[in-house]
Amino acid sequence: MKPILKSQDLAINGAPPAFEQQLHVGRPNIGSREVFMKYVDDIFERRWLTNDGPMVHQLEQRVAELHGVKHCVAMCNGTVALEIAIRALGLEGEVIVPSYTFIATAHALHWQAITPVFADIDPATHNLDPVAVRRMITPRTTGIIGLHLWGRGAPVDELQAIADEHGLKLMFDAAHAFGCSYKGKMIGNFGACEVLSFHATKFFNTFEGGAVVTNDDELAETMRLMRNFGFAGLDNVIHPGINGKMIEIAAAMGLVNLDAIDDVIAVNGRNHQAYREALFGLPGISLLAFDESERNNYQYVVMEVGEYCPVSRDHIIKALHAENIRARKYFWPGCHNMQPYRELYPHAGLLLPNTEKVAASVVVLPTGTTMNDAMIKDVAAVIRVLLKDRP
Ligand code: T4K
């Protein structure tokens, strides 16, 4: 690693990049390869590759236990899990969602001819602002999808109160919140159900995968039917459905990764602290904090570039990319600025000032088990030099 002390040391100014290999935000965390290979052998021996296999059962049981919920219904990915949950809950018409999220949250509604109505966020938490949610309710509204962005709990009580008051269904996109808690209660226990993503880039992964967790017996049963074409036993279809099943090899990956999650959380927690120390005191730079009284997975290191920062967010991203640090602008520019929503609702942004402001200020930095303290110091050194050399 070259020392980065002055502006001439930066790749953006012609120096070689700080890192030979790219550093990624979503580098997968992978548990024991030996145990995984043994599970793969078992799967081949059994010749049971998918369709509600024993590995999927084990994974569902362990994920449900970890979150303290009655049911975990594993699926092929988080997006299909969202779609199935939305349909099983009978949502239609308009559903209120944040725009400051990964596009899947909005697409899961649009795909089913439901209108996503974007509500603004609280700039301090990046989660839905309950006051903004109330403002978006119309006679066509049937539900609210809350989001625990970055794994930090949404304002669950306030959203539930709004849902109860207006007879709306409430569910959560908990794609970032695997293993997290809110007010001391594990994620998975809020709203009618909560949707997890086990994508490769997530803190806990099954290559691709996802699940709906719920304490509602009937809802869980409906979703089990829906993920398998509506089959209830041989030759007997009793419900509309699609193919949302998780495959055995994905569940095997989940089982080995579950064994490793305490280590991954410890590494992520250390990384978060290392970034906090290394970036401390830089003008206009702040890190989104986690509530240490909760269970956190610390999977995202979210740096905000404020108005007192001498360089722009986009210039920081450009400089980091030049050093092979693949920082991300999640979730810029907001769903309402992406298609088809930009064309369908061209004025949505007028009611989303906080979404637009936050989306323009965030830099998500690489973390996970492939990062260490020294690498983090070097990432911070790039940012420090970049800021120092600007008037
Ligand atoms: N709701 C929310 C709030 C979500 O954040 C997501 C997914 C969903 C719902 C839907 O869940 P899934 O259907 O995906 O289960 C990535 C992920 O693809 C996506 O799962 C995730 N959110 C989102 C936040 O991040 P991209 O478009 O940024 O992916 P990509 O390919 O640019 O990868 C991100 C970084 O990770 C890159 O720097 C490369 C690195 N990477 C990626 C993969 C796949 C690796 O190092 N190894 C890998 O195997 O969306």
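The values are calculated or read from the model by the stated rules, or taken from the named source; none is laboratory data. As the structure is a prediction and not an experimental result, all values here were calculated from the model. Reconstructed Cβ throughout: ideal geometry from the backbone, glycine too, with neighbour counts over all protein chains shown. These area figures cover heavy atoms from the full protein model, side chains too; ligands, DNA and RNA do not enter into them. Shrake-Rupley method; radii C 1.70, N 1.55, O 1.52, S 1.80 Å.
Tabulated data
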item	result
Residue 242 - accessible surface, heavy atoms, 1.4 Å probe, Å² rounded to 10	80 Å²
Residue 289 paired with residue 61, simple spin-label distance in nm, labels 7 Å along Cα-to-beta-carbon	4.2 nm
Rounded FRET efficiency, nearest 0.05, which uses the C-beta distance separating residue 239 from residue 166 and R0 of 41 Å	0.90
Simple label model, 7 Å out from Cα along Cβ direction - residue 12 to residue 35, nm	4.3 nm
Relative contact order [Cα under 8 Å, 6+ residues apart], the range 134-235, whole percent	19 percent
Between the range 1-78 and the range 221-298, the Cα center-to-center distance that results, in Å	10 Å
Listed residues 345, 182 arranged by accessible area, highest first, probe 1.4 Å	345, 182
Accessible carbon and sulfur surface of the chain relative to its total accessible area, %, 1.4 Å	54 percent
Area accessible to solvent at residue 117, 1.4 Å probe radius, in Å²	20 Å²
Nitroxide proxy distance, nm - points 7 Å out along Cα→Cβ at residue 373 and residue 42	3.7 nm
Accessible-area value, residue 292, 1.4 Å probe, nucleic acids and ligands omitted, Å²	130 Å²
10 Å binning of all Cα-Cα separations within the range 1-61, expressed as whole percents from 0 upward	17, 26, 17, 13, 15, 13
Residue among 93, 30, 256 farthest towards the positive dipole end of the chain, charges placed on Cβ	30
Accessible area expressed per residue, the range 106-243, with surrounding protein chains retained (probe 1.4 Å, Å²)	38 Å²
Sum of side-chain charges, residue 290 neighbourhood, beta-carbon under 11 Å (Lys, Arg +1; Asp, Glu -1)	0
Long-range amide H partners of residue 287 with built H, under 5 Å	304
Rel. contact order, % - alpha carbon contacts under 8 angstrom, at least six apart, the chain	24 percent
The chain - convex hull of the alpha-carbon atoms, volume per residue in Å³	141 Å³
